[in-house]
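> Structure provided below as structure tokens; questions to follow.
The values are calculated or read from the model by the stated rules, or taken from the named source; none is laboratory data. Remember, it's a predicted structure, so these values are computed and weren't measured experimentally. We place every Cβ from the backbone using ideal geometry, glycine too, and count neighbours over all the protein chains shown. Ligands, DNA and RNA are stripped out before the accessible areas are found, and what is left, the full protein with its side chains, is counted by its heavy atoms. Shrake-Rupley method; radii C 1.70, N 1.55, O 1.52, S 1.80 Å.
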Amino acid sequence: MKKVAVIGATGFVGTHVVNELVNRGYAVEALARDISKVQENENVTAKSIDINKVDELAGALKGNDAVINTFNAGWTNPNLYNDFLNGSKNIEKAVEQSGVKRFITVGGAGSLFIDGQQLVDGPDFPADIKPGATAARDYLNVIKENTTLDWTFFSPAIEMHPGTAGVRTGNYRTALENPVFDENGRSVLSVEDVAVVLADELEQNNHIRERFTAAY
């Protein structure tokens, strides 16, 4: 049985990733600052971690076959940009230090391109999430320089939020740098299917050392 560490395991995305992996027969190490919400069982082990303590995090990650990072610094965090960017860098360092090679990390849709411009730089981009989206974009540029890890950076669909929860179809289409739009001009993916995409990538390794996105 493969063992996978999920960072941010109690968050909106992380919770669904844990469930998807368990349903596929993986042993999951659920990492979060507050693990009181983690339901431990024979397939799920919880570990309380501070992502900014690199040595401790690296120790917690050792022995896993892969790491899936769903860390979010909190959309209402006044220091969101710095906390997300620094936290992401520290997680990357810890994964390297742990000896785990396979690393899948979730960023935002803001770094996707439409007509040559990244969404986060557009005039209509929501101001309340811009710091986090900018940090995710900037972190994508950081991880692109990593030649040690077998990393994958996943940008969710433009519409991937609590309102898109509830449906697991197992169906989606992928792209690399541009959003995937449906026949109605929308880029949508439920959080359940985000978990499917991440688990599929873990198994298929289609996007080693590149960014990709997915939507219906």
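> Identify, please: which residue in the range 159-176 is in a helix (DSSP H, G or I) and open to solvent by 30 Å² or more (accessible area, probe 1.4 Å) and is, among those, farthest from ALA199 (Cα to Cα)? Can you show your working first?
Taking the range 159-176 as the starting set, the residues that turn out to be in a helix (DSSP H, G or I) are 162-164.
Retained after the next criterion (residues that are open to solvent by 30 Å² or more (accessible area, probe 1.4 Å)): 162-163.
Numbers: PRO162: 20, GLY163: 22 Å.
Going through the qualifying residues, I end up with GLY163.
> Mind listing just one residue for me: the one in the range 177-209 that is open to solvent by less than 60 Å² (accessible area, probe 1.4 Å) and of a type in the set (D, E, K, R) and, of those, farthest from the chain's Cα centre (by Cα)?
That would be ASP182.
> Separate question: Filter the range 105-158 down to the residues that are over 15 Å from the mean Cα position of the chain (by Cα), free of Cβ contacts under 8 Å to residues at least 40 places away in the same chain and not in a loop (DSSP other than H, G, I, E, B) and list them by number.
GLN117, GLN118, VAL120, ASP121, LYS130, ASN141
> Being open to solvent by 80 Å² or more (accessible area, probe 1.4 Å) and free of Cβ contacts under 8 Å to residues at least 40 places away in the same chain is the filter here; which residues of the range 49-82 pass it?
ASN52, LYS53, GLU56, LYS62, THR76, PRO78
> Give the range 95-128 a look and list any residue that's aromatic (Phe, Trp, Tyr) and either over 20 Å from TYR81 (Cα atoms) or touching a Gly at 6+ places or on another chain (Cβ under 6 Å) (or both), or say none.
PHE103, PHE113 - these are the residues of the range 95-128 that are aromatic (Phe, Trp, Tyr) and either over 20 Å from TYR81 (Cα atoms) or touching a Gly at 6+ places or on another chain (Cβ under 6 Å) (or both).
> Ok, one more. Quick check on my filter: what residues within the range 1-47 are part of a strand (DSSP E or B), touching a Ser or Thr at 6+ places or on another chain (Cβ under 6 Å) and either open to solvent by 70 Å² or more (accessible area, probe 1.4 Å) or not acidic (Asp, Glu) (or both)? Break it down stepwise before answering.
The initial filter retains those residues of the range 1-47 that are part of a strand (DSSP E or B), namely 3-7, 27-32, 41, 44-47.
Cutting the leftovers down to touching a Ser or Thr at 6+ places or on another chain (Cβ under 6 Å) gives us 29, 32.
Result: ALA32, single match.
> Same structure, new question: In the range 81-104, which residue that is outside any helix (DSSP H, G or I) and of a type outside the set (D, E, K, R) is nearest to ASP65 (Cα to Cα)?
VAL100
Residues checked against (1) of a type in the set (Val, Ile, Thr); (2) within 18 Å of the chain's Cα centre (by Cα); (3) at pLDDT below 95; (4) within 21 Å of TRP75 (Cα to Cα):
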| residue | (1), (2), (3), (4) |
| --- | --- |
| ALA5 | no, yes, no, no |
| GLY11 | no, yes, yes, yes |
| VAL18 | yes, yes, no, no |
| LEU21 | no, yes, no, no |
| ALA27 | no, no, no, no |
| ALA30 | no, yes, no, no |
| LYS37 | no, no, yes, yes |
| ILE49 | yes, yes, yes, yes |
